[in-house]
Amino acid sequence: MTTSCCPDNSWGSPLHVSHGTKSLDGARGELCKIGPSKDLEMYVSRPRVGGASQKALCVLTDVYGLQSRLFAICDKLAADLQLTVVALDTFRGETKDMHLDDFKEWLGSHPFERDEISAKDDKSAVYPVKEDIESCFEFLLDTYNINSSDVGVAGFCWGVWAMTKACEMKLFRCAVGFHPSIKIESMVFGGDQEAITKKAADNAPILLCVAGNDLDNLKPSQGGALANIIAKSKTKDTGDNDKAAPRCVEFPEMMHGWVSRGDTSIEKVKEDAEAALNLSVDFLRRWM
């Protein structure tokens, strides 16, 4: 198994990140910093028309952090769902491209909980995801009076692993993920992908949009173990509403990363990125 969170032949860095920029041009939201040390940057988007409900969506990024394509996705979700969307830069401005030689170790410095690292490690250099989520919850309550019980989550690549860990601990009411890298649980932390997925799926309804080169364990067409776990989860019965059913949806012509990093000047990439986001809107609308 590769030591990268992304499979071979995946989309790489977003174009503007490759050129060292992070632009808010055209974005509807704003950047702010939160947390005990004010070092957790966050993009906040709220609908301009009609006002936001007392609900929110937390976005956990891929290994390229905050970038303009992600801002546009957050703006779309905020407008379509009429809620507050917050995207967290848990990597503190760093990206995969800065850690090509120590990528696995870099991911290991971002465990879900602080006690997941060895006692001999320097805990001052560790940024547990759960603590960042808790800082986000505090911000949402203090700023918009939104309770944590009214927050859903969306994840991209690495962020789907973090999302799954969070749902395992009942931190979010529902979850959507794109081109998942749940394998980080076993690759970096020596855990069990199936175990965390089962607990997460039993605690929250989950929708995953899966690329053609993602692992087979995520694909219903391949009898994937994780796909089966999500489809058979104990979350609330959706009746005849297929759009709300917990499931994995395959996009066989897409490469990993297409939603947040794919070249949307290519018509099929644009079409399937929009399709995945619209599926997530339908799903979140049912469960939020």
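Per-structure values
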quantity	calculated
Residue within the stretch 35-51 that is of a type in the set (Asp, Glu) and open to solvent by 10 Å² or more (accessible area, probe 1.4 Å) present	yes
Conditions (1) in contact (Cβ under 8 Å) with a residue 40 or more places away in the chain; (2) over 13 Å from residue 136 (Cα atoms); (3) among the aromatic types (Phe, Trp, Tyr); number of the one not met by residue 106	(1)
Residue 52 being modelled with pLDDT under 80 and of a type in the set (A, V, I, L, M, F, W, C)	yes
Conditions (1) surrounded by fewer than 18 Cβ atoms within 10 Å (Cβ to Cβ); (2) within 17 Å of the chain's Cα centre (by Cα); number of the one not met by residue 99	(2)
Selection status of residue 115, at pLDDT below 90 and open to solvent by less than 80 Å² (accessible area, probe 1.4 Å)	no
Leading residue by the ranking (most open to solvent (accessible area, probe 1.4 Å)) among those in the stretch 254-288 that are assigned to a loop (DSSP other than H, G, I, E, B) and more than 13 Å from residue 179 (Cβ to Cβ)	265
Segments classed as helices (runs of 4 or more DSSP H), wholly inside the stretch 130-219, with at least 3 members that are buried (at least 22 other Cβ atoms within 10 Å of the Cβ)	158-168, 193-203
Residue in the stretch 18-29 that is in contact with a helix residue (DSSP H, G or I) (Cβ under 9 Å, 6 or more places away or on another chain), at pLDDT 90 or above and not charged (D, E, K, R) present	yes
Residue in the stretch 233-241 that is of a type outside the set (Phe, Trp, Tyr) and either under 22 Å from residue 63 (Cβ atoms) or part of a helix (DSSP H, G or I) (or both) present	no
Residues (small (Gly, Ala, Ser) and on the phi < 0 side of the Ramachandran plot) located in the stretch 238-288	244, 245, 260, 262, 265, 273, 275, 276, 280
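Matching residues to (1) under 26 Å from residue 55 (Cβ atoms); (2) touching a residue at least 24 places away in the same chain (Cβ under 8 Å); (3) in contact with a helix residue (DSSP H, G or I) (Cβ under 9 Å, 6 or more places away or on another chain):
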| position | (1), (2), (3) |
| --- | --- |
| 219 | no, yes, yes |
| 233 | yes, yes, yes |
| 244 | yes, yes, yes |
| 261 | no, yes, yes |
| 266 | no, no, no |
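Conditions (1) in a loop (DSSP other than H, G, I, E, B); (2) more than 22 Å from residue 166 (Cα to Cα); (3) touching a residue at least 12 places away in the same chain (Cβ under 8 Å), marked per residue:
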site	(1), (2), (3)
28	yes, yes, yes
31	no, yes, yes
41	no, no, yes
48	yes, yes, yes
57	no, no, yes
64	yes, no, yes
70	no, no, yes
73	no, no, yes
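Let's see how each residue does on (1) among the acidic types (Asp, Glu); (2) touching a Lys or Arg at 6+ places or on another chain (Cβ under 9 Å); (3) under 20 Å from residue 71 (Cα atoms):
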residue	(1), (2), (3)
133	no, no, yes
141	no, no, no
146	no, yes, no
153	no, yes, yes
161	no, yes, no
168	yes, yes, no
172	no, no, no
189	no, no, no
200	no, yes, no
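The values are calculated or read from the model by the stated rules, or taken from the named source; none is laboratory data. All figures in this text were calculated on a predicted structure; none of them were measured in a lab. Please note: Cβ atoms are built from the backbone with ideal geometry, for glycine as well, and neighbour counts cover all protein chains shown. These area figures cover heavy atoms from the full protein model, side chains too; ligands, DNA and RNA do not enter into them. Shrake-Rupley method; radii C 1.70, N 1.55, O 1.52, S 1.80 Å.
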